[in-house]
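The next block holds one structure in the form of structure tokens; read it before the comments.
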Amino acid sequence: MPEPIKLHRCSWTFLHIDLDACWKVEKELKAKGIPYEVVKHGYFGKSEEARAEVIELSGQKLLPVLELPDGEVYRAESDEMAERVRSGELG
């Protein structure tokens, strides 16, 4: 079984609406049946200190971020990320 993708997302993604950038990407992973693991990061600290792990991983503090099994880290605007997942061009 392949190692799952790690979806680094907001801890408050619970409304499941397309205004939520993290949900847009998670929804496409689910729709494509791609195995993934959620790594939650807090919202109330878009500061560098609160998002230190995200910054270390991706070089910036915005979410979502995908960490692929081969070590690639992917971050873009959520619409672009969702389209890449949907098109099967991830990884």
Check: For the chain, what is one quarter of the convex hull surface built on the Cα atoms, given in nm²?
Finding: 5.6
Item checked: Under 10 Å, Cβ to Cβ, from residue 69 - net charge with Lys/Arg +1 and Asp/Glu -1 -> -3
Next item on the list: Please determine, in degrees from 0 to 90 and to the nearest 10, the orientation of helix 21-32 with respect to the longest principal axis defined by the Cα atoms of the chain, where the helix direction is its Cα long axis.
Entry: 20
Margin query: Suppose we keep just the DSSP beta bridges with both residues in the chain; what percent of those would be antiparallel, to 5?
Written below: 45
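With an 8 Å Cα cut-off and a minimum separation of 6 or more residues, compute the relative contact order for the range 18-86 in percent.
After rounding, I find 37 percent.
Each reported figure results from applying straightforward, stated rules to the coordinates on display, with no laboratory input. The shown structure was predicted, so the numbers you read here are calculated from the model rather than taken from an experiment. Neighbour counts run over all protein chains shown; Cβ positions are idealised from the backbone, glycine included.
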